[in-house]
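First the structure, in the form of structure tokens, and then the observations on it.
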Amino acid sequence: MTPLKPVRGTQDILPNESRRYRLVEEAAFCVADRYGFDEITTPIFEFTEVFSRTLGDTSDIVTKEMYTFQDKGLESITLRPEGTAGIARAFISNGLQQELPIKFFYKGPMFRYERPQKGRRRQFHQVGIEILGVATPQADIEAISLAKTFLEEIGLKDNVSLELNSLGDVASRSAYDQKLRNYLNNHKKGLSEHSLKRLKNNPLRILDSKDNGDKIIVANAPKLQDSFNKNSNNFFAELCEGLYKLGISYEHNHNLVRGLDYYSHTAFEFTTKDLGAQGTVLAGGRYDGLISQMGGPETPGVGWAAGVERLALLLNTDIVTKRPIVVIPIGRDAESEALILTERLRKNGYRVDLGYSGNLKKRIKRANERNTIAAIFMGESESVRNVVKLKDMDSGDQKEISLDSLEQQLQIYK
Ligand code: ATP
Ligand code: MG
């Protein structure tokens, strides 16, 4: 029989990798907690409409990347490709508008049908935050500052940089849309096939095309900011001033537009040069139109999401775990005593393995492989005298100690 394989683009996160994921997720949670955020968990699947109605019919996610299927009740269901739409849906479903402003943290798996490569999976993990109900740039500043603190906390300071842009409000965007269309229509010949398709539905996305021919054309395109009205200009100026006051440096990237259609004003990304093509580790922006577009009350929002896989790849230290203590019974009769002692030590906060397979030599070999810090040998004769042998695995020193004072002796290994 051919062995079963994992689905393309999915992976098993083995213990070493799990430790890195946990470190990233816990750091994100702890920092968000300090910023006054509360955790929310929404379902991994939603009605397809939750995403199709909000992410925009022309976004990459909706057009190419969604895992959509019909369930047995003939409902169209989609595995969530991102977190914001589900949280906006939850905000409406739970009638949370009374509680505004709201600051949410979330984490968990996301699903996108993409071509798997380094830092790009079909099931991947994000941590993210959303601030709902704040229309002023204070929220954007808080979101960006939280992102930066989080990245610093996991040791990413010098190898990530912040790129910032503003998409302006809806009025500024539609004024620009026409100018951009006119310009691009005059340069159609040089555009990639992909961009030609976008020209009709979502010309803004052409600004961040990776195609070299497109890039040359985009370089001379009219600037979005030149179409800004007063509101858009003020918003961006206030954001930049706030970041300056907090000492957060950024690069203004005029072509940063982000993949999803629901953004307005702020768009930002933290990128790194250390991951090759998949250089964006954290990305976000403001989505003032999203909740009303879903049928909820007009509610401004801003947030970001970070890719846990990509951040885990960047962590440059191996994460050390607590070295275990092993309890090794010698002889059959000692086994139940050993079992009881093991449980006792675990309840007292020690990380303990019970050496229960193979002969004594094998058990000691296994203890070494596990990087055990100390071994406790329980034999028949010792058991009768209420003592055990305690061996320090680094020094090799071994001594007999009374069972009653065991925890006291083990303090140094805690
Ligand atoms: P990209 O340009 O890499 O496709 P995106 O704009 O689609 O990114 P977002 O929707 O903003 O990404 O998601 C936020 C973050 O989630 C990304 O910056 C990245 O770190 C991570 N991410 C997105 N898609 C994947 C994926 N398929 N595999 C792993 N991480 C991902
Ligand atoms: Mg993408």
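Read-outs throughout are calculated quantities, based only on the coordinates presented, and are distinct from any laboratory measurement. Here the structure is a predicted model, which is why all the values come from computation and not from measurement. Note: ideal-geometry Cβ built from the backbone for every residue, glycine included; neighbour counts use all protein chains shown.
Quick notes
- In sequence order, the stretch 392-406 has phi-based couplings of 7, 6, 7, 8, x, 4, 9, 9, 8, 9, 6, 4, 5, 9, 4 Hz under the Karplus curve 6.51 cos²θ - 1.76 cosθ + 1.60, θ = phi - 60°, and Gly or Pro positions carry x.
- Each of GLY56, LEU191, THR280 was placed along the dipole of the chain (beta-carbon charges, centred on the mean Cα), and the one lying farthest toward the positive end is LEU191.
- Summing Cβ point charges (Lys, Arg +1; Asp, Glu -1) relative to the Cα centre of the chain gives a dipole of roughly 1320 debye.
- The alpha carbon radius of gyration of the stretch 226-329, expressed as a multiple of 2.2 N^0.38 Å, is 1.57.
- Here's the list of lysines a cross-link from LYS107 could span, going by alpha-carbon distance under 18 Å and ignoring same-chain residues fewer than 8 apart: LYS148.
- The stretch 105-124 versus the stretch 66-82: alpha-carbon centroid distance in Å: 17 Å
- The ratio of the alpha-carbon radius of gyration of the stretch 124-227 to the globular-protein estimate 2.2 N^0.38 Å is 1.36.
- Most positive-pole-ward Cα, ILE248, LEU14, ALA135, against dipole of the chain from beta carbon charges: LEU14
- Euclidean distance between Cα centres, the stretch 177-244 to the stretch 330-349, Å: 68 Å
- Three-way shape label, the stretch 325-413, alpha-carbon gyration tensor, a/c 1.5: rounded
- Directionally averaged projected area (convex hull, Cα atoms, the chain), nm²: 27.9 nm²
- For the stretch 325-413, lysine pairs separated by 8 or more sequence positions, or belonging to different chains, with Cα-Cα distances below 23 Å total 13.
- Taking θ as phi - 60° and the Karplus parameters 6.51, -1.76 and 1.60, the scalar couplings of the stretch 308-320 work out to 5, 4, 5, 5, 4, 5, 7, 4, 9, 10, 6, 8, 8 Hz in sequence order, x denoting glycine and proline.
- Neighbour counts of other Cβ atoms within 10 Å put SER227, SER264 in the fewest-to-most order SER227, SER264.
- Mean Cβ neighbour count within 10 Å, used as a protection proxy, ranking 348-354, 324-330 highest first: 324-330, 348-354
- Angle in degrees between helix 84-93 and the longest Cα principal axis of the chain, rounded to the nearest 10: 90 degrees
- Considering only ILE206, ILE340, ILE13, the mean-square fluctuation computed in a Gaussian network model of the chain, springs between alpha carbons under 10 angstrom, is largest for ILE340.
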